[in-house]
Amino acid sequence: MAEKIEYDVIILGAGPAGASLASELSKDLNVLIFDKKEQFEETTKSWLIPDMAINIGEADDIRPFMKNGVTRFLADTYQGVDVQWDAHLKYHFAQEHALLNYWGDGIKANGSEIRLGCWYQDSFVTRDGVVVSTSQGEFKGKLLIDASGGHSPIRAKYSLTNDWYWWSVCGAIVEFPDGLPEGMQVGDYQLWQTFRDTNVNANESLSHGRPVWEYEILDENTAFVFIFYLGKDRIPLDSMQRVFNHVLREEGSTSEFHNSVIVEEKHGWYPSGGPHSQKVTGDRVAFVGTAGCWTTPCGWGVSFIVANYKNYAKKLIKAVHNDALSQKELNTLITMSARTKFQVLVDQIATHFLSFASADQLNDFIRLFDPKGPLGDAGPLMCEKLFTLTISEHEAIDFLKQVITSVGGKALAQNIPKEDYLLLLGLVEEGIEVAVVDAINKGMDFFKHNKEKVHEGEGSAFAITG
């Protein structure tokens, strides 16, 4: 039997989570990262990254791989909701293939190893390490990091369960042969668009199969267009592709895209969890990226990765050197402030409501973000704060009151799953905890300063390992 090659850390999955972590860990450790894909820059995802995530993660070195960004949000439903506003916060369209190659070049320059076309077969933990069996042989490491995504074979091996919701996404990068259609501009993000004929029941919810159409205008000739579903189950890719092709080529209200040319297909499944969803580990095994529910409840997984991978890598390096790699010890590396838990709970409840609400109720919800709607000019900023996890307790309470007024308390209760009543109780508890922690430990002046920074786009809860 061939002798096993030994490493400090073995990483399964060379997507953004695995690649970014490997680039940092390899500065101090001997790392093996392997993936079944054939080219390191391959990815089926397209990444939108809020600027605050780069700031929080002190990841300025990746800024050269950001191109343009969101300047205007839009929403349009078949029942007549038509909303648009200029972006308050800053967001980047990432050049995902170039960024992956940047991380890969760093791994190789640091003397660590990349194996592609390499399939995971099995793994088992020993007293002093982890043995990983692959299509290219067996390897031994002190720590195994699972960055293999939502279909993780290692999660399946550990029989881990979750109560995640899933954003199922299918789309493509397209080019316009004659340039951008009239009315579009670089930086447009169509945040929400629905169609009457995609469902037999015109008032169907997302969780029962209503697709939402979105697009991002990346540059003067290119857009990322896609549909998404939101619910407890992942939608099969072939089903999504059929609907996506129909919307792209046949829907009357998407005529500006009918002659666009597909240059790259995209798809993915993004988990939406709660405050403790990221605390998934085993002895000598850590889960990151989608495999570890590293994502905001709205599905921006790369944002969490960018905000956390450098700090998390520093903690992992220390843990490996000290051989502090038990499940209990690895769990301590994942921390979440009281404020973060509060914001994630608010976003989790909003995500679940989006999943179960009827089309008419979603219209009322979307109107809250209209500058001409019930919240006025504060509406658009509230939307961005809600889904970037920067909403304050006071704002969240005001927002929930407005939701109840606009959508109706009975409708809200009917469309929130029973388990979310416990989330609401938890929200009350966390809200009290936030106020107490801020008042006692930080002082009211500092608390006020932090709220002002959040209003300016700082103080995000993207960081979970701080």
Against the longest principal axis of the chain, how steep is helix 419-437, in degrees 0 to 90 to the nearest 10, with axes from Cα atoms?
80
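With the Cα gyration tensor of the stretch 50-92 in hand, give its eigenvalues times 5 under a square root as the equivalent ellipsoid semi-axes, listed largest first in whole angstrom. All intermediate terms of the calculation are to be shown ahead of the outcome.
Working: eigenvalues 176, 19, 12 Å².
Semi-axes from the Cα gyration tensor: 30, 10, 8 Å.
Enter the accessible area per residue of the chain (Å², integer; probe 1.4 Å; all protein chains in place). Write out the running numbers ahead of the final one.
On the way: 19260 Å² over 466 residues.
With the other protein chains kept in place, the chain gives 41 Å² per residue.
Go through 170-176, 65-71 and give me the packing order, highest mean Cβ count within 10 Å leading.
Values: 170-176: 21.1, 65-71: 17.6.
In decreasing order of mean packing, 170-176, 65-71 become 170-176, 65-71.
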May I ask for the equivalent-ellipsoid semi-axes of the stretch 191-252, computed as the square root of five times each C-alpha gyration tensor eigenvalue and listed largest first in whole Å?
21, 13, 11
Given 182-188, 38-44, the highest-first ranking by average Cβ count within 10 Å works out to 38-44, 182-188
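Please label the shape of the stretch 236-393 as rounded, prolate or oblate, based on the square roots a ≥ b ≥ c of the eigenvalues of the alpha-carbon gyration tensor (a/c under 1.5 means rounded; beyond that, a/b larger than b/c means prolate, else oblate).
Working: a/c = 2.65, a/b = 1.53, b/c = 1.73.
Oblate shape, in that a/c is at least 1.5 and b/c is the bigger or equal ratio.
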Based on Cβ point charges of +1 for Lys and Arg and -1 for Asp and Glu, what charge dipole magnitude is obtained for the stretch 196-334 about its Cα centre, in debye rounded to the nearest 20?
900
The stretch 111-140 and the stretch 200-258 have their Cα centres apart by a whole-number Å value of 38
Using alpha-carbon positions, what is the distance between the centroids of the stretch 383-400 and the stretch 279-327, in Å?
26
Taking a temperature of 37 °C and a viscosity of 0.692 mPa s, what whole-number D in µm²/s does Stokes-Einstein yield for the stretch 65-182 with Rh from Kirkwood over alpha carbon pairs?
167
Give me the dipole magnitude in Debye, nearest 20, for the stretch 155-267 about the Cα centre, with unit charges on the beta carbon: positive for Lys and Arg, negative for Asp and Glu.
820
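Counting alpha carbon pairs within less than 8 Å and at least 6 residues apart, what relative contact order, in whole percent, applies to the chain? Write down the numbers at each step before the final one.
Numbers: 935 pairs, mean separation 87.8, N = 466.
Answer for the chain is 19 percent.
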Which percent of Cα-Cα pairs in the chain sits in each 20 Å bin, short to long?
24, 57, 19, 0
Expected sort for 103-111, 354-362 on mean C-beta neighbours within 10 Å, highest first, is 354-362, 103-111
The chain - mean residue ellipticity at 222 nm from DSSP helices (-39,500 (n - 2.57) per run, n ≥ 4, rounded to 500):
-11000 deg cm²/dmol
Can you list the HN-Hα couplings for the stretch 395-404, worked out from phi with the Karplus curve (6.51, -1.76, 1.60; θ = phi - 60°), rounded to whole Hz and with x for Gly and Pro?
5, 5, 5, 4, 5, 4, 4, 5, 4, 5
Set the bar at 24 Å for Cα to Cα. Now go through Lys36/Lys318; Lys157/Lys341; Lys142/Lys310; Lys108/Lys157 and name every pair that lies beyond it.
Lys36/Lys318; Lys157/Lys341; Lys108/Lys157
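Is the shape of the stretch 123-240 best called rounded, prolate or oblate, per the rule: a/c under 1.5 gives rounded, else a/b larger than b/c gives prolate, else oblate, with a ≥ b ≥ c the square roots of the Cα gyration tensor eigenvalues? Write out the running numbers ahead of the final one.
Numbers: a/c = 3.65, a/b = 1.83, b/c = 1.99.
In terms of gyration-tensor shape, oblate.
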Indicate the gyration tensor shape class of the stretch 22-80 (rounded, prolate or oblate), computed on the Cα atoms with a ≥ b ≥ c the square roots of the eigenvalues: a/c under 1.5 is rounded; otherwise a/b larger than b/c is prolate and the rest oblate.
oblate
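The values are calculated or read from the model by the stated rules, or taken from the named source; none is laboratory data. Everything numeric here is computed off the predicted structure, so don't read it as measured data. No Cβ is skipped: glycine too gets one built from the backbone with ideal geometry, and neighbour counts run over all protein chains shown. To get the accessible areas, we keep the full protein, side chains included, count just its heavy atoms, and leave off ligands, DNA and RNA. Shrake-Rupley method; radii C 1.70, N 1.55, O 1.52, S 1.80 Å.
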